[in-house]
Amino acid sequence: MLNSSTTITRSENPIKWEFISPWFSPNEILSPETRGHLHCVDLSSLLLLNDLRKYVDTRILVNHLGHNRRGVRSAKEQLELVQSVGAALNSQHVAGKAFDITIPELTLKETAEAANDIGFVYVKIYETANFVHVDNRNLIILS
């Protein structure tokens, strides 16, 4: 099991999870099937989620209360959601670029507005499921 002191090994440069994401543990971001594969998280998307957390200055819920597929998920988990609830087959969650979030202190509309303010490429409110989908599809970073 991963915890906040888990080391992500990239060649000879180990990176500790808490340096990448001080507010979110791997269990909060990764689904059960992706927890052993930290490389599946899109770094720019996770950093943007960190920026959103700083911006709203309150907790953000991703994988919580049995909703353990709101973050990065495997292709198998996505297929199960496609079959059970009609989720998108080509989900950004599988690419590690999407999170379904809830901010208990904000309305869904306020959450979506904050995500737009921070710069998420795609933001969609799911009223009946009580979360906001945020992702960075087709994001290109030029340095």
Using a 7 Å offset from the Cα along the Cα-to-Cβ direction at both L47 and E113, what is the distance between the two label points in nm, to one decimal? 2.8 nm
Among DSSP bridges having both ends in segment 7-135, what percentage is antiparallel? Round to the nearest 5. 95 percent
I need the Debye-formula profile for segment 7-135: one equal scatterer per C-alpha, no solvent, reported as log10 I(q)/I(0) at q = 0.22 1/Å, two decimals. -1.40
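Given Cβ point charges of +1 (Lys, Arg) and -1 (Asp, Glu) and nothing else, what value in debye, to the nearest 20, does the dipole of segment 7-135 about its Cα centre take?
That gives segment 7-135 a dipole magnitude of about 280 debye.
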Within 10 Å of each candidate Cβ there may be at most 16 other Cβ atoms; applying that plus a DSSP loop requirement, which trypsin sites (Lys or Arg not before Pro) in segment 48-143 survive? R59, R137
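Read-outs throughout are calculated quantities, based only on the coordinates presented, and are distinct from any laboratory measurement. Computed from a predicted structure; not experimentally measured. Don't worry about glycine lacking a Cβ; one is built from the backbone with ideal geometry, like all the others, and counts go over all protein chains shown.
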